[in-house]
Every structure is written in C-alpha cells, then in structure tokens.
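The values are calculated or read from the model by the stated rules, or taken from the named source; none is laboratory data. Keep in mind that what you see is a predicted model, and the values were worked out from it rather than measured. Quick reminder, even Gly has a Cβ in these numbers, built from the backbone with ideal geometry, and neighbours come from all protein chains shown.
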Amino acid sequence: MSTERRKPYPFDRIEDKWQKYWDAHQTFHCPNPGEKGFDPKKPKYYVLDMFPYPSGAGLHVGHPEGYTATDILARFKRMCGFNVLHPMGWDAFGLPAEQYAIKTGQHPSVTTAQNIDNFRTQLKRIGFAYDWQREVNTTDPGYFRWTQWIFLQLYNAWFNPASQKAEPITTYTGADPDAVRLAYVAKVAVNWCSALGTVLANEEVVDGRSEVGGHTVERRPMRQWMLRITAFADRLINELDGLDWPESIKLLQRNWIGRSEGAEVHFKVEGTSHSVRVFTTRPDTLFGATYLVLAPEHQLVEEITAPSQRDSVQSYQAACKSKSDLERTDLAKEKSGVPTGAFALNPVNGERVPIWIADYVLTGYGTGAIMAVPAHDTRDHEFAQKFQLPIKQVVQPLGDEPWQGFTGHGTAVHSDFLDGQPTPEAKRQMTDWLEERGTGKGTVQYKLRDWLFSRQRYWGEPFPIVWENGRHHAIHESELPLTPPPMEDFKPTGTPEPPLSKAVEWLKYSETARRETNTMPQWAGSCWYYLRYCDPDNAGRFVSRDAERYWMGANDASPKPGGVDLYVGGTEHAVLHLLYARFWHKVLFDLGHVSTPEPFQRLVNQGIILGEDGQKMSKSRGNVVNPDEVINEFGADAFRCYEMFMGPLEQMKPWNTAGVEGVSRFLARVWRLVMEESQSGEWSRSGSLKDLPLDKAQLKVLHSTIKKVTEDIESLSFNTAISQMMIFVNAFTGAGEKPVGALRTLLQLLNPFAPHLTEELWQIIGTGGCVADQIWPTFDPDALIEDELELIVQINGKLRDKLTVKRDASSQEIESAALASPKAQEWTAGKTIRKVIVVPGKLVNIVV
RNA sequence: GCCGGUGUGGCGAAAUGGCAGACGCAACGGACUUAAAAUCCGUUGGAGAGCAAUCUCCGUGUGGGUUCGAGUCCCACCACCGGUACCA
C-alpha cells in the first residue's frame with residue numbers, strides 16, 4: 001500500500017509523456033540560416049542562461065529560477081513568431097572535478113561526463129524548451145580547440161593605442177612584438193596557493209584565502225601567462241553605456257576597473273640622480289605634500305636608504321613580506337612605516353620632504369609611491385599624526401567644516417599661484433605647470449590589473465604554445481585541438497611546476513621544443529560559449545559568419561550594439577565572467593571575427609533563493625531544497641510556477657513549501673476546469689464544457705488576462721502574470737457551463753509557465769497540434785471598456801464615497817454628481833468648497 | 001569607511017502620484033462526507049461605535065517637505081542585506 005498522497009492531477013504521467021514528445025519531435029530545435037526548416041521571415045531572439053558548472057551535488061533550486069524565467073520568455077517569443085535561440089551547455093573544466101578526481105582516483109573526464117548526464121536529466125525533468133542539438137561542453141576537444149584558437153588570436157594581436165583597437169601583431173612596427181602581445185608572459189607577484197597547487201586570479205582570492213576551499217594564499221613572483229585586459233579598460237567602461245544592464249552591475253564593473261584621473265609628479269631625491277615618481281588624483285594639493293611614501297617593495301628603496309636607516313628598513317621589509325594578505329587586511333587599521341633617511345625635493349617649491357616606506361602604499365597600484373598630503377587625505381593624516389609629521393593646509397572647505405582631514409573639493413590656499421582657485425581648476429593648472437617644466441604629467445590609473453591567465457592544473461585547456469631556446473611561439477592552428485595527455489597521476493607536484501610537466505612524452509614537441517605546461521583558467525571556456533551555441537558543430541570555424549551575424553546581430557534598425565537579446569544569471573558573475581567575456585568579444589570584434597562590439601545586450605540578475613528559514617541555503621545549515629524532491633511531490637509545472645510566483649525575479653526571497661502547494665492547487669484547478677473525475681478515479685473531458693459566447697464580465701476577465709500576461713512576460717514580472725491567471729481561474733471556476741474558447745486561450749497564456757499541463761489539456765480541448773505551436777493571443781481593447789465606471793469621491797484627498805457614472809459622462813456631469821452624492825453633502829455641509837478636481841475615469845476630489 | 005539594494009498584514013507579496021494590502025500561504029467559519037483528506041463557498045491590517053447593514057479614526061522603517069491628493073516625488077535620518085576596502 002502506497003503512503004504517497006493522492007496527486008491533485010496526474011502530473012507524473014503527463015510530464016514524462018510530453019518531455020518524451022518534445023525530444024522525439026525536436027519541437028524546440030531552431031535551425032540556422034540556410035538550414036532546412038529555417039524561416040528567414042521571422043525575427044530572431046537569443047535568450048541565454050549562464051551555463052552551469054556540472055557539480056557532483058546536482059542542480060539546486062537556484063539554477064532553475066533563472067532558467068525558468070528564460071524558458072518562459074523563449075516559449076513566449078516563439079509563440080509570438082520569433083526564431084528563438086535558447087541553448088544549454090556545460091562549463092565543465094575546473095578545480096572541483098580535478099580535486100574530486102584526486103580524492104577518488106577516477107579520471108576527471110569520467111566524473112565530468114557523469115555529472116553532465118545527471119544535470120541534463122534534471123534539466124529535462126523541468127521541461128525546459130532548450131534546443132538540445134546545440135548543447136556545448138567546454139571540455140569537448142571540438143569545443144576547446146576553438147578556445148585555444150581564440151587564445152592564438154590574442155597571442156597574435158596587440159592593442160594599438162592610436163586606433164584604440166586590437167590589431168594583428170604584424171601591424172606592430174616596434175622591436176619586440178612579445179612586449180605588446182595581448183597574451184604575454186611576465187614574472188609577476190601572483191597568488192600562490194600551495195594547498196591547491198596553483199596560482200589564482202585576484203578575483204579568486206577572497207580575504208587572503210582561496211575562493212575554492214578557503215586555503216591560505218601567499219604572494220610570490222612567478223612566470224605566468226597574462227592577458228592585456230587593461231588596454232581595453234576605457235572601452236570596457238565607456239561601452240557599458242549602450243547596454244540594457246542593471247545600473248548596479250554597470251557600476252560594479254566601473255568600480256572594478258577603477259579609473260582615476262590624476263597626475264604623475266616627479267620628486268628628485270636629494271643628493272642622487274634618482275627621482276621618485278608618484279601618482280596623485282589631487283595635484284592641486286602638491287604644496288601640502290609634507291613627505292613621500294614608497295611601497296616597501298619599491299625598487300628605489302634599496303638605493304636611497306641612508307646607512308643609518310638600513311637596518312630598520314630591512315627589518316620592516318622583511319616583516320611586510322612575511323605578512324600574508326590576510327594579515328595585511330586585518331591590520332589595516334593600524335598604520336606602520338619607517339623613514340629611509342632620504343629626502344626628496346618638492347618640484348613646486350623646492351621644499352625638502354622625508355621619504356618613508358609603509359605598507360599602506362601598495363606596490364601594484366599607480367607608481368607604488370605617493371606624495372603624502374596629510375591635511376587632505378585620511379590615510380596620510382592618520383600616518384602623519386602617528387609619526388608626528390607636519391600637516392599643512394592647502395584646501396579651504398567651502399562650508400564650515402574643519403580643514404584638517406578635509407578630502408573634498410574646496411578652494412586652494414597657501415599654494416602660491418593656485419590660491420583662490422576651486423579644486424578642479426587648481427588640478428588643471430598644476431598639471432599644466434608640471435607638464436611645462438617636465439616634472440610631471442596628467443595620467444590615468446586603473447585598479448584593473450592584467451588578467452593572470454595560467455593555472456598549474458591538469459583539468460583545463462593546454463596552451464597552444466611551445467618553448468624553444470627560452471622563447472615562446474604559437475603552434476599552428478592546424479595542430480588544434482591540443483588535447484591534454486592521458487595521465488594517471490595528475491596530482492599537483494607540490495611545487496609551482498604544473499602537473500603536465502610529468503607527461504614526459506607529451507611535453508616533447510620536437511628535439512628542441514617543449515610544450516607549455518600551464519593550462520587555462522576555468523573562465524576561458526565560458527568567455528565565448530554564447531558564440532558557439534550559434535553554430536555548435538562547426539569544425540571549420542569557431543562560429544560561421546552567417547550564424548554569428550544572424551543570432552548576435554542587432555534587432556531591426558535599433559541603435560543598440562546587439563548581441564544576446566537577454567542574458568539571465570546570478571550577480572556573482574557581475575564582474576569576472578561578464579568582464580572577461582566582454583574583453584574577449586571586443587578582441588574578436590576588432591579582429592573582424594564577430595560583428596558586434598558587445599556580447600550581451602540585455603542582462604538581468606535573478607535574486608538568490610534563501611532557505612525556508614530565511615538564511616542562505618547551505619549543506620551545513622541543512623536548509624537546502626532539492627528540486628528533484630519538489631518535482632516528485634508537486635510536479636515540474638508546479639515547481640516552475642512556484643519559482644516564478646515567489647516574487648520579483650531580481651529579488652532575494654525565501655523558499656516556502658506551503659507556497660508550492662498553493663501554486664499546485666492553482667494548476668489542479670486549471671485541470672479541473674477541463675477535466676472531471678469518475679467514481680473510479682478516471683479523468684475525462686468535463687461535461688460542463690460548452691461552445692458558449694462569453695458574457696460581458698467574462699470577456700473582460702479574458703482580455704485583461706491576455707493583456708496583463710503579455711505585458712508582464714515582456715517585463716519579466718512573472719509573479720503578477722500568474723496572479724492574473726489565478727484571477728481568471730477563480731472567475732471561471734464558479735461558472736456552471738464553461739466556455740471552451742476562453743479556456744483554450746488560458747492554455748495558450750499558461751503554456752510558457754506550465755508547458756506539460758497545458759499540452760495535455762490542449763490535446764483534449766484544443767484545435768489540434770501543440771499549444772507551443774499556437775500563435776500568441778491578442779487582446780481586444782474594446783472588451784476592457786465598461787459602459788459604466790465607478791469613480792471614487794474624495795473630500796480633501798480622503799475617500800468618502802463611490803459614484804457610478806456613464807462611461808462618456810462629461811467632467812461637469814461628474815462634478816455635479818459627486819457634489820450631489822449624500823456623503824459629499826454630509827462632509828461639505830457648512831463648509832465652503834474651494835476647489836473640485838475631476839480626474840476622468842478615476843476620481844473626484846472636493847477641497848473644502 | 002565607501003558604493004549599491006531593501007524596509008508595506010502572521011508570512012511571500014501587489015499597487016502609470018489617485019480606493020493601500022490584488023494574488024497566494026497560514027488561520028478561522030461553513031457546505032459536502034459516517035469521518036477525515038481533497039474540493040467548493042465565505043471571513044481575516046489595527047482600534048473604536050452600532051442589534052444590524054454600516055460608520056469613524058489610525059496605518060506602507062523614522063522625522064520633515066512638495067501636492068487637491070504621497071507606499072510612490074524631494075530632503076534628512078535609522079535598520080537590515082549585499083559588494084568592496086589603505087587604489088593615493
């Protein structure tokens with residue numbers, strides 16, 4: 001005997017049935033231009049999900065939130081007559097698979113394949129209308145050969161500052177092309193994680209620990225592959241303007257790139273031929289510079305340190321070096337530093353200022369040296385107070401704030417030729433003054449660093465690079481894909497030597513050349529997958545020109561950059577993935593390989609789903625909701641609808657199982673509008689369905705539902721679209737005889753949300769074919785107009801009465817009717833009516 | 001610290017400057033049933049008045065402002081969440 005509770009409608013049977021049907025008929029396959037079945041008359045719509053990393057844990061309820069939103073839009077656009085590209089794939093290279101492999105001894109390709117199968121099965125159970133013929137997998141040699149090919153494009157290109165574009169390296173006329181390539185090798189201080197046996201990008205380090213696993217990370221100089229993303233910093237900022245992205249995400253990217261305008265100022269070191277270059281955003285405060293600070297790692301420290309200070313400088317340097325990044329941030333509050341004993345000369349007034357070293361100056365930003373203006377910089381102020389360095393006012397605040405520690409804009413004072421100038425003007429004048437004398441110049445600095453692109457891992461794309469006589473060169477395109485060697489032992493070596501260095505045979509490219517042993521980071525494959533979906537099986541090009549132009553092109557004659565029409569995913573990719581992908585896309589665009597300057601026209605972030613306790617879902621809290629269990633109990637349609645009904649897509653919101661039940665009840669009511677159950681529990685077409693004309697009230701409900709659902713899907717307000725359909729169902733549930741025509745329309749409107757249920761019911765009461773293939777209904781504005789309107793009557797803005805008037809009543813008629821209403825009489829008795837405001841169709845406000 | 005977001009019933013939430021709380025959950029009452037589940041029909045922001053239908057007052061984080069009218073616009077503040085952090 002089954003303890004399973006009775007299902008409100010037989011979703012288990014029908015969902016499986018329609019999933020098989022869609023698979024067998026390839027209902028959602030959309031051919032490319034030129035292919036059989038392609039309809040060139042239709043406009044295109046490219047709706048994209050952030051593809052998942054197929055982890056061993058399987059899908060969680062966060063994934064299907066965004067996926068359901070895009071699925072509804074894809075199905076809707078399809079019914080509206082678009083050619084819809086709606087694909088799914090796997091971002092399958094990466095650290096977790098490799099670590100799992102090391103733990104279990106199973107090859108990562110095996111576990112990856114298993115995880116992908118599991119994810120695919122789970123996604124299919126939710127009934128997504130993906131074109132599965134376009135599935136991509138970043139670990140497939142047919143895919144990553146093109147990831148490697150794109151790397152070669154980067155390697156063989158440089159950024160021409162004159163054209164502000166990437167160009168083939170052959171247009172570079174300088175002596176050393178290796179110095180300007182977009183992919184280059186550099187010895188840089190990197191985040192080395194010995195526990196993971198790899199270096200990490202800055203973005204992968206959180207609070208001095210690895211984002212994956214939380215292991216400690218130390219800075220080490222190592223030879224690494226870098227991508228010159230900084231060359232594109234300005235374009236990556238400026239070209240955000242044309243994108244339909246949330247402003248908050250644009251801001252996040254702008255802040256990450258961190259552009260600041262300022263000036264470089266040269267300070268001569270007294271008694272030497274050296275000079276210290278500093279970067280400042282406030283050249284107007286140069287007269288207030290009372291000391292200089294170099295980063296402890298600064299190259300000049302060694303040469304300028306006075307003999308008397310040598311010991312203290314060296315021990316301070318050593319102390320800094322041993323501090324991990326974690327400690328450095330922890331100790332951020334307390335300033336520390338030591339004087340070098342050297343002095344510099346302020347170029348603007350010849351004043352002698354001491355040179356210090358301190359770890360609050362970072363080696364990686366600007367010039368690694370600053371001029372300290374303690375009066376008008378919080379950090380310098382703190383430092384100067386601690387070490388009793390002079391504090392000299394040079395800016396007068398406009399208000400009555402104290403000048404000490406004032407960092408805002410004001411008027412220059414005690415600054416000779418700048419006196420009386422407002423800050424922006426003073427900046428300009430000082431920069432000009434410096435440039436005229438050759439002791440400085442206006443410059444721009446960015447927080448963005450070049451992208452550290454190599455990893456010491458096995459489970460990633462090998463570089464298409466070989467080393468010969470200490471120099472690197474690219475292998476030929478025809479040698480791609482370069483597959484990783486089959487290895488039994490792919491454990492980290494425990495040293496910075498990558499695991500591939502153990503593949504002796506594979507390493508040997510020729511008698512004199514050895515292969516590069518680093519691999520690419522996980523970001524590589526996800527930087528261009530949206531392009532591969534356009535033409536996933538192309539063996540001759542990463543994407544055909546025609547397919548790229550069609551799917552990625554701008555819609556009609558709009559001035560927008562074009563690209564993917566809608567991209568939905570989590571905020572966690574706001575900077576990294578979205579910045580990297582834009583960078584690659586711009587390189588491909590400059591080199592003529594793609595037709596648009598930006599990859600993603602419209603971006604929407606789904607909010608995260610919290611556990612039932614309102615806390616972030618996590619295994620340790622035990623509040624994780626498993627989609628499979630929800631689907632087993634309530635069905636995929638209820639799961640989809642609930643995820644959309646919870647609240648606005650972009651908002652963070654807690655899961656509530658009782659809410660799923662409510663949505664499930666709604667779907668069951670739809671089912672019972674069409675079906676009735678016999679004594680023996682068999683479902684059949686309801687006898688109360690009739691071919692009836694609708695009465696006025698029903699017409700109004702029907703057409704306002706069409707209107708609202710259509711508009712709400714366009715604006716991604718799925719929660720209110722579902723509410724409206726509930727109102728429809730509530731209105732028709734009471735009817736004794738049910739008009740079948742109106743129910744057909746409901747099935748069409750509901751289809752993108754609950755595709756299985758609606759297909760099944762369409763088979764019973766529809767007009768043939770699939771609902772998914774029907775044309776989206778349009779509403780009749782006349783059906784929404786009532787003969788009589790109910791207006792509200794306000795006295796001084798407070799609701800006092802209601803009034804029913806003819807639709808075409810004039811303002812005068814409405815006004816006199818309102819004044820005559822008993823309530824208005826009562827409230828205005830004995831008072832002078834000062835004003836009457838009539839808003840036609842809405843209200844009358846009487847002011848007394 | 002800085003940047004961003006959010007504050008509305010018991011809960012998830014709705015509301016082009018115009019009836020605050022649609023829709024759903026939960027709760028309560030009723031119908032059906034031997035009973036329960038399911039289903040269907042109702043009630044449900046708070047306080048007060050009335051036998052009653054109904055009426056009055058209060059109410060969208062706090063305090064001001066604009067307006068005939070503010071959850072919505074403006075100013076100041078508070079709380080929570082997220083991001084970021086010595087970026088000169």
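See the values below:
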{"item": "Pick from the range A:458-496, criterion more than 24 Å from A:Arg181 (Cα to Cα) and among the charged types (D, E, K, R), ranking: surrounded by the fewest Cβ atoms within 10 Å (Cβ to Cβ)", "result": "A:Glu488"}
{"item": "Matching residues, the range A:235-251, being over 15 Å from A:Val568 (Cβ atoms), surrounded by 14 or more Cβ atoms within 10 Å (Cβ to Cβ) and not hydrophobic (A, V, I, L, M, F, W, C)", "result": "A:Arg235, A:Glu239, A:Gly242, A:Lys250"}
{"item": "Check on A:Thr517, touching a helix residue (DSSP H, G or I) at 6+ places or on another chain (Cβ under 7 Å) and either within 16 Å of RNA strand B (Cβ to nearest atom) or part of a strand (DSSP E or B) (or both)", "result": "no"}
{"item": "Where a residue in the range A:133-150 is over 17 Å from A:Thr112 (Cβ atoms) and its partner, wherever it lies, is buried (at least 23 other Cβ atoms within 10 Å of the Cβ) and β-branched (Val, Ile, Thr), with Cβ under 9 Å and at least six apart", "result": "A:Trp146/A:Val543; A:Ile150/A:Val587"}
{"item": "Close pairs from the range A:302-315: first touching a residue at least 12 places away in the same chain (Cβ under 8 Å) and assigned by TED's automatic domain parsing to the domain that holds A:His274, partner in a helix (DSSP H, G or I) and surrounded by 12 or more Cβ atoms within 10 Å (Cβ to Cβ), Cβ under 6 Å, at least 6 apart", "result": "A:Thr305/A:Val313"}
{"item": "Hits in the range A:606-646 (condition: more than 11 Å from A:Val61 (Cβ to Cβ), within 23 Å of the chain's Cα centre (by Cα) and surrounded by fewer than 21 Cβ atoms within 10 Å (Cβ to Cβ))", "result": "A:Gly607, A:Gln615, A:Lys616, A:Ser618"}
{"item": "Those residues of the range A:642-688 which are among the hydroxyl-bearing types (Ser, Thr, Tyr) and free of Cβ contacts under 8 Å to residues at least 40 places away in the same chain, in sequence order", "result": "A:Tyr642, A:Ser678, A:Ser680, A:Ser684"}
{"item": "Selection within the range A:393-425 - in contact with a Pro (Cβ under 8 Å, 6 or more places away or on another chain) and either at positive phi or among the aromatic types (Phe, Trp, Tyr) (or both)", "result": "A:Trp403, A:Phe406"}
{"item": "Single residue of the range A:647-688 satisfying the filter (within 46 Å of the chain's Cα centre (by Cα) and of a type in the set (D, E, K, R)) that is farthest from A:Arg744 (Cα to Cα)", "result": "A:Lys653"}
{"item": "Within the range A:734-848, helices (runs of 4 or more DSSP H) holding 1 or more residues that are more than 16 Å from RNA strand B (Cβ to nearest atom)", "result": "A:740-750, A:755-765, A:811-820"}
{"item": "Tally, over the range A:283-299, of residues that are away from RNA strand B (no atom under 12 Å from the Cβ) and assigned to a strand (DSSP E or B)", "result": "1"}
{"item": "Unique residue being surrounded by fewer than 19 Cβ atoms within 10 Å (Cβ to Cβ) and free of Cβ contacts under 8 Å to residues at least 24 places away in the same chain when the list is A:Arg259, A:Arg223, A:Arg254", "result": "A:Arg254"}
{"item": "Residues that are over 16 Å from A:Glu334 (Cα atoms) and without any contact (Cβ under 8 Å) to a residue 40 or more places away in the chain, drawn from the range A:359-407", "result": "A:Gln396, A:Pro397, A:Leu398, A:Gly399, A:Asp400, A:Glu401, A:Pro402, A:Trp403, A:Gln404, A:Gly405, A:Phe406, A:Thr407"}
{"item": "Extreme residue, surrounded by the most Cβ atoms within 10 Å (Cβ to Cβ), among residues of the range A:283-302 that are more than 14 Å from A:Pro339 (Cα to Cα) and touching a His at 6+ places or on another chain (Cβ under 7 Å)", "result": "A:Thr285"}
{"item": "Test result for A:Gly494, assigned by TED's automatic domain parsing to the domain that holds A:Arg220, in contact with a Gly (Cβ under 7 Å, 6 or more places away or on another chain) and not hydrophobic (A, V, I, L, M, F, W, C)", "result": "yes"}
{"item": "Filter result for A:Phe343 (loosely packed, with under 14 Cβ neighbours inside 10 Å, over 41 Å from the mean Cα position of the chain (by Cα) and not charged (D, E, K, R))", "result": "no"}
{"item": "Selected residue (only one of A:Ile706, A:Ile727 is in a helix (DSSP H, G or I), away from RNA strand B (no atom under 15 Å from the Cβ) and hydrophobic (A, V, I, L, M, F, W, C))", "result": "A:Ile706"}
{"item": "Count of residues meeting criterion [away from RNA strand B (no atom under 12 Å from the Cβ), of a type outside the set (D, E, K, R) and surrounded by fewer than 17 Cβ atoms within 10 Å (Cβ to Cβ)] in the range A:267-282", "result": "5"}
{"item": "Count - residues of the range A:628-672 that are under 18 Å from A:Arg125 (Cβ atoms), touching a helix residue (DSSP H, G or I) at 6+ places or on another chain (Cβ under 6 Å) and more than 7 Å from RNA strand B (Cβ to nearest atom)", "result": "16"}
{"item": "From the options A:Thr710, A:Thr733, A:Thr657, residue that is closer than 30 Å to A:Lys616 by Cβ and surrounded by fewer than 20 Cβ atoms within 10 Å (Cβ to Cβ)", "result": "A:Thr657"}
{"item": "Qualifying positions in the range A:524-580 - in a helix (DSSP H, G or I) and within 21 Å of A:Glu247 (Cα to Cα)", "result": "A:Thr571, A:Glu572, A:His573, A:Leu576, A:His577, A:Leu578, A:Leu579, A:Tyr580"}
{"item": "From A:Leu699, A:Leu716, residue being assigned to a loop (DSSP other than H, G, I, E, B) and either within 9 Å of RNA strand B (Cβ to nearest atom) or surrounded by fewer than 23 Cβ atoms within 10 Å (Cβ to Cβ) (or both)", "result": "A:Leu716"}
{"item": "Matching option when the condition is assigned to a helix (DSSP H, G or I) and in contact with a helix residue (DSSP H, G or I) (Cβ under 8 Å, 6 or more places away or on another chain), among A:Leu482, A:Leu434, A:Leu448", "result": "A:Leu434"}
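Residues are listed down the side, and each one gets a yes or a no for (1) touching a Gly at 6+ places or on another chain (Cβ under 7 Å); (2) not in a loop (DSSP other than H, G, I, E, B):
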site	(1), (2)
A:Asn349	no, no
A:Trp356	yes, yes
A:Tyr360	no, no
A:Gly364	no, no
A:Ala375	yes, yes
A:Lys386	no, yes
A:Leu389	no, no
A:Gln396	yes, yes
